[in-house]
Structure formats: C-alpha cells, structure tokens
1. From the list V289, V259, V268, pick out the single residue that is in a helix (DSSP H, G or I), more than 16 Å from ligand 2 (Cβ to nearest atom) and either charged (D, E, K, R) or within 20 Å of T27 (Cα to Cα) (or both).
2. Sort out for me the helices (runs of 4 or more DSSP H) sitting completely within the range 120-203 that have 2 or more residues that are open to solvent by less than 10 Å² (accessible area, probe 1.4 Å) and within 15 Å of ligand 1 (Cβ to nearest atom).
3. Those residues that are away from ligand 1 (no atom under 14 Å from the Cβ) and either open to solvent by 70 Å² or more (accessible area, probe 1.4 Å) or touching an Asp or Glu at 6+ places or on another chain (Cβ under 7 Å) (or both), I need them from the range 249-267; list them, please.
4. Which of (1) within 19 Å of R284 (Cβ to Cβ); (2) within 16 Å of ligand 2 (Cβ to nearest atom) does E230 not meet, given it meets every other one?
5. Tell me, please, whether a residue that is outside any loop (DSSP other than H, G, I, E, B), open to solvent by less than 10 Å² (accessible area, probe 1.4 Å) and β-branched (V, I, T) can be found in the range 221-228.
6. Filter the range 66-102 down to the residues that are over 19 Å from L40 (Cα atoms), in contact (Cβ under 8 Å) with a residue 60 or more places away in the chain and within 16 Å of ligand 2 (Cβ to nearest atom), then identify the one that is surrounded by the most Cβ atoms within 10 Å (Cβ to Cβ).
7. If we scan the range 282-298, do we find a residue that is farther than 23 Å from V148 by Cβ, surrounded by 15 or more Cβ atoms within 10 Å (Cβ to Cβ), β-branched (V, I, T) and in contact (Cβ under 8 Å) with a residue 60 or more places away in the chain?
8. Test of understanding: among A94, A49, which residue is more than 19 Å from the chain's Cα centre (by Cα) and of a type in the set (A, V, I, L, M, F, W, C)?
Amino acid sequence: MDIKEMIHNLPDLSNEPAVALETTVLTHGMPYPQNVECALACEEEIRKAGAKPYTIGIIDGVIRIGLTEDEIKNLGKSTTAIKVSRRDLPYCLAEGLTGSTTVAATMILAHMAGIRVFATGGIGGVHRGFEETMDVSSDLEEFSKTPVNVVCAGPKAILDIPRTMEYLETKGIPVIGYQTKTLPLFYTRESDVTLDIVAKDAKDAARLVHISDQLGLHQGSLFVNPVPEEYSLDPKFVEEKIHEALLMMEKDGIHGKRVTPYLLDKLVGLTGGKSLETNIALIRNNARVGGEIARELNKLKD
Ligand code: PSU
Ligand code: MN
C-alpha cells in the first residue's frame, strides 16, 4: 500500500500559516461534550489569529490532516478510538482503526504535511516515580526527531518537572518562555524554574523557529505559554489533588499509556471541575498564540 492511500489528500502546507491540533486530548484528555467544544473553540482561536487550523487524527485507518467539524464531533463521542503515539501509528493504519494522535504522533503527521507549528495543552514528560516505572513520555523524544514547534502551557503538573526539564536539556530541545521568565506548570502560571530563553512576542518566537530551521537542526522547540491569570489555580491546591489522584492510581494499578488519561480524569472530579475549566482555557490560549506564531513564521521566507 502506498503512503498516499493512508493519508487522505496529503496537503503541502509549508507555505501556509498552518497550526496543527492533536486529538488525544479530545478522546482521552477531557470528558464529552466539553472536549468537542474545546476542540472547535481552538480552531476558531487559530482562525481569529489569522492562521489555519488542522486537527489531526486517524479515521478507519486513514490519516486525516484537518478533520471536519462532524469528524471532530464523532471522534469526541467515540469510546473506541485508540490513543496513538509514535509506536502505535503503523498498527492503527494496518488494522484500519480509528485513533487519536498524541503530541508525538501529531508532530510526525504535521511534519509530513509541512506544518511547523502545533498547539496543545501540556506535553507528556518524565512521570513522578520514574525511578521505579521508567515512565517517560515519548513526546519528549519526538522533539529531537521531528522539526515541529509546540506551544503548550508547560509540562503537565502531574509530572516530575525538574527531571522533565533535564531530559529536554539533554536532548537539546529549546524550552522557550512565551512572555514569561519562569516555567509555567500547566494549571499555574509560574514556578521557581527559571528559563534561559524568552520570546517577547510572536515575531520573536517565529525568528527562533526560522533560525533553528535554517541551521538545519531538524528538531522541534517547546514554547511554554502561561495559562491566563483568571484561570490559574492555586499551586498548593493542585499539588494536594495530584497526590490524591496518584494514590488512587496506585490502588487501581494503572500504568503505561493509561496513566495520563487516568490522572487527568481523576483531577476533574477531585477539583470539582476546576482543572477542566483551566485545561480548556489554557489550550485555547495556546491555540491563539500558535496561530500568531504561524502567521509571523509564514512571513519569514528562506
Ligand atoms: N494536553 C492536555 N491533555 C492531554 C494531552 C495534552 O491538556 O490529554 C495528551 C497529549 O496527547 C500528550 C499525552 O501527548 O496527553 C501524553 O500522554 P503520555 O504521557 O502517555 O505520553
Ligand atoms: Mn507513559
């Protein structure tokens, strides 16, 4: 089978202000119907910023770069879509399955279509207790393989933040504060982790991406964009709830790819829905910034 049969109308978006959006957050990161509302709102944020959204997923074994509104709605309701990261891609296609793509898999597919900017909520990273479990998200590895630049609100707070940062440093991945000098922690705006690289606006951010590409580094950068102030949660409150969720996880014996969806889901209940509200706000904010960066990047021709 030719790759063209596995991708529905593979577009060449390298000369367009395109922004990729992932679908694992849709199927495994948020409950229905907020997940669908959030996905559609993100597309709108990107359009308002003067760029074009492409939500990426796999339907019946065919890769889609740019799902339609109906496809997003159906995927958001699906209880059978599998979470597809790098290693699951061939299997999902071979079996003709419907799958939602993680940050890693979305980066791979975005790159095939020439998309250089991608907005999500939070990337995966080194999990707490990794000394025991060796649980490190393959999102982190992807940045050194695939030149797609991701806007997020920091590593997810459920992770081991210092070790995630060390890992990114080892891999040579720039972690760029978007209008911030400290690392945002997903649900909260600030932390005591100081960042060495700061972008003051979208133009600045686009220049960094452009130079990285011109150097031929063939890798992605991570833009960390703090959640809007009014949605930022109290770090002590969040930490308490994460501890509770981690205890529940241990009791339930969850591991592997189920860890992140499990923890995010438990947090929604434990915070009385606050974590979900914040998650939606931060993703939309990242979509807007992603749109602005893509728009500026598109003006920088080689
Ligand atoms: N951002 C969110 N919610 C999510 C995710 C990101 O706000 O659920 C997803 C992304 O798809 C990311 C995945 O790649 O969580 C991380 O999963 P893991 O830790 O198993 O690699
Ligand atoms: Mn994992």
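The values are calculated or read from the model by the stated rules, or taken from the named source; none is laboratory data. Note that the coordinates shown come from a computational prediction; the quantities given were computed from them, not determined experimentally. Neighbour counts are summed over all protein chains in view; Cβ atoms, including those assigned to glycine, are modelled from backbone coordinates with ideal geometry. Side chains included, ligands, DNA and RNA excluded: accessible areas come from the protein's heavy atoms. Shrake-Rupley method; radii C 1.70, N 1.55, O 1.52, S 1.80 Å.
1. Every option except V268 fails the conditions.
2. Helices (runs of 4 or more DSSP H) meeting the threshold: 138-142, 161-170.
3. Within the range 249-267, E250, K251, D252 qualify.
4. So the condition that E230 fails would be (2).
5. There is at least one residue in the range 221-228 that is outside any loop (DSSP other than H, G, I, E, B), open to solvent by less than 10 Å² (accessible area, probe 1.4 Å) and β-branched (V, I, T).
6. Of everything passing the filter in the range 66-102, V84 is surrounded by the most Cβ atoms within 10 Å (Cβ to Cβ).
7. No; the residues of the range 282-298 include none that is farther than 23 Å from V148 by Cβ, surrounded by 15 or more Cβ atoms within 10 Å (Cβ to Cβ), β-branched (V, I, T) and in contact (Cβ under 8 Å) with a residue 60 or more places away in the chain.
8. It is A94.
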